[in-house]
Amino acid sequence: MKIGIDIGGSHISSGIVNKNGKIIAKETRDIDVSNIKSGKKVEKIVIDIIDDEIQQLLSDNDYTIEDITKIGLAIPGSLKNNVIQKLVNLHIENFDIITILENKYKINAKAKNDGKCAGIAEKKYGALKKYDDCVFLCIGTGVGSAVFLDSDLLETKLPGGFELGHAVIQKDGTKCNCGRKGCFETFASMKRFKISAINEFKMPEDIESEEIQKYIRENLNKPKVKKFVNEYLENVNIGLCNIILTFKPEAICFGGSFSYYADIFLPILQKMIKKELAIDDDEIKLVPALLKNDAGIIGATEI
């Protein structure tokens, strides 16, 4: 039995994944560290939540710790010598979570960047299964990424490679969490989309993302909403064209909360790319992720 754990900035999800890449049980807990500045305290919260989720999964499904054969973690950051270097949204640095979990459960544990994990899942079980050269983009709070060449995940010896969300698309643009200005993710993330929508359409600051999506869908033919969507996608298109010119993938898959707008966004992006790069409609496929929010959990068990 394999357990996959997806650590996000606002929640942690754990699931039991079978040999066919299917989640047979899942637990999710919210995590709020907005008022906690001590990394050590946050580390304890993260470990406690993971332990609570694992114990719940075991109890509800009549398993014991001895039944666990592998623990995989999808983490929103990079690793060096199996130590998480930095989790910006959780105020954590140099977090040796692998050693902690292996000592606690006496079982092999591995971790990888969450964008890479989600990409692995989509490549093996999801929307990218039939493509050899392809790119996965997880567009949500930021922009995670995974690149596959001849079906192999491209990785670097040094940590943090192939982070396509941190390619600069505007000089002196909005400052990114990475410290640079004008990164692709500062313009393309769904976090940016949500903040911009709230400001543009005078929405309540605590409005749920589902309500914003509903508003966009119901008013898409209105000039102001259409202009807003097109301006957002023009920025996304800059990053996509750079990716296409660099890797020439057969397909680009879109995960994260972006995927919930796929039926609206992807046809528009396809036309933008065709115009910008003068390519045929079917030369590069833009496809929505199939595994949605489960991709990180599933991919974590494949590393």
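Among the trypsin sites (Lys or Arg not before Pro) in segment 1-68, which ones are in a DSSP loop with at most 14 other Cβ atoms within 10 Å of the Cβ? Mind listing them?
Loop-located and lightly packed - Lys19, Lys22, Lys37.
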Item checked: Lys/Arg +1, Asp/Glu -1 at C-beta; segment 152-237 dipole; positive extreme among Gln170, Phe184, Leu153 -> Gln170
Notebook entry, point to check: Can you give the angle from 0 to 90° between the axis of helix 209-218 and the longest principal axis of the chain, with both taken from C-alpha atoms, to the nearest 10?
Noted result: 30 degrees
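When the chain is fully extended, how far beyond the present Cα-Cα distance does Lys224 get from Lys129, taking 0.36 nm per residue of separation? Could the numbers behind the result be given before it?
Working: separation 95, 0.36 × 95 = 34.20 nm, distance 3.80 nm.
Answer, rounded to one decimal: 30.4 nm.
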Item checked: Max mean-square fluctuation residue, GNM over the chain, Cα-Cα springs under 10 Å, options Glu211, Glu93, Glu185 -> Glu211
Next item on the list: Once you have the Cα-Cα distance between Asp51 and Asp150, take 0.36 nm times their residue separation minus that, and quote the gain in nm to one decimal.
Entry: 31.9 nm
Notebook entry, point to check: About its Cα centre, what dipole magnitude does segment 118-290 give when the only charges are +1 on Lys and Arg Cβ and -1 on Asp and Glu Cβ, stated in debye to the nearest 20?
Noted result: 460 debye
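Going by how many other Cβ atoms sit within 10 Å of their own, how do Ser209, Ser10 line up, fewest first? Each step should come with its number before you reach the end.
On the way: Ser209 15, Ser10 12.
Ascending number of Cβ neighbours within 10 Å: Ser10, Ser209.
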Margin query: 7 Å from Cα along Cα→Cβ at both Ser209 and Asn94: what's the point-to-point distance in nm?
Written below: 3.3 nm
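Regarding the chain, what whole-number volume in Å³ per residue does the convex hull of its Cα atoms give?
Values: hull volume 42.1 nm³, N = 303.
Taking the convex hull of the Cα positions in the chain, it is 139 Å³ per residue.
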Check: Normalised by the number of residues in segment 118-290, what is the relative contact order in percent for Cα pairs under 8 Å and 6+ residues apart?
Finding: 25 percent
Checklist line | Two-site label geometry, Val168 and His11: point separation in nm, points 7 Å out along Cα→Cβ | finding: 3.6 nm
Notebook entry, point to check: Applying the Karplus parametrisation 6.51 cos²θ - 1.76 cosθ + 1.60 with θ = phi - 60° to the phi angles of segment 15-25, what ³J(HN,Hα) value in whole Hz is obtained for each residue in order, glycine and proline being reported as x?
Noted result: x, 8, 10, 7, 5, 9, x, 9, 7, 9, 6
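So what's the projected area for segment 66-205, the Cα convex hull averaged over all directions, in nm²? Walk me through the numbers on the way to the answer.
On the way: hull surface 45.4 nm².
Projected area, direction-averaged: 11.3 nm².
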Next item on the list: List, in order, the whole-Hz ³J(HN,Hα) value for each residue of segment 155-171 obtained from phi through the Karplus relation with A = 6.51, B = -1.76, C = 1.60 and θ = phi - 60°; use x for Gly and Pro.
Entry: 9, 10, 5, 7, x, x, x, 6, 8, 5, x, 10, 6, 6, 10, 8, 4
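Okay, helix-only estimate at 222 nm for the chain: each DSSP H run of n ≥ 4 adds -39500 (n - 2.57), divide by all residues, round to 500 deg cm²/dmol; what do you get? Walk me through the numbers on the way to the answer.
Working: 9 runs with 116 residues, N = 303.
After summing the helix terms and dividing by residue count, I get -12000 deg cm²/dmol.
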Next item on the list: Springs between alpha-carbon atoms under 10 Å, Gaussian network over the chain: tell me which of Lys194, Lys222, Lys181 tops the mean-square fluctuations.
Entry: Lys222
Notebook entry, point to check: Tell me, what ³J(HN,Hα) does each residue in segment 143-154 have, in order and in whole Hz, if you take phi through Karplus 6.51 cos²θ - 1.76 cosθ + 1.60 with θ = phi - 60° and put x for Gly and Pro?
Noted result: 10, x, 7, 8, 10, 10, 10, 6, 6, 9, 5, 7
Item checked: Helix 262-277 vs. the chain, principal-axis angle (Cα, 0 to 90°, nearest 10) -> 60 degrees
Next item on the list: Equivalent ellipsoid semi-axes for segment 190-261, as square roots of 5 times the alpha carbon gyration tensor eigenvalues: give them largest first, rounded to whole Å.
Entry: 26, 13, 11
Checklist line | Residue exposure sequence - Val135, Val225 - by fewest surrounding Cβ within 10 Å | finding: Val225, Val135
Notebook entry, point to check: Roughly what % of DSSP beta bridges within the chain run antiparallel, to the nearest 5?
Noted result: 60 percent
Notebook entry, point to check: Semi-axes, largest first, in whole Å: what does sqrt of 5 times each Cα gyration tensor eigenvalue give for segment 1-149?
Noted result: 23, 21, 14
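For the pair Glu234 and Asp281, what calculated FRET efficiency results from E = 1/(1 + (r/R0)^6), where r is the Cβ-Cβ distance and R0 = 22 Å, to the nearest 0.05? If you can, show how the numbers build up before the last one.
Details: r = 19 Å, r/R0 = 0.87.
Efficiency, rounded to the nearest 0.05: 0.70.
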Checklist line | Calculated P(r) tail over 27 Å for segment 118-290, as whole % of Cα pairs | finding: 24 percent
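No value in this document is a laboratory result; all are computed from the given coordinates. These figures come from a predicted structure and were not determined experimentally. Glycine gets a Cβ as well: all are built from the backbone with ideal geometry, and neighbour counts include every protein chain shown.
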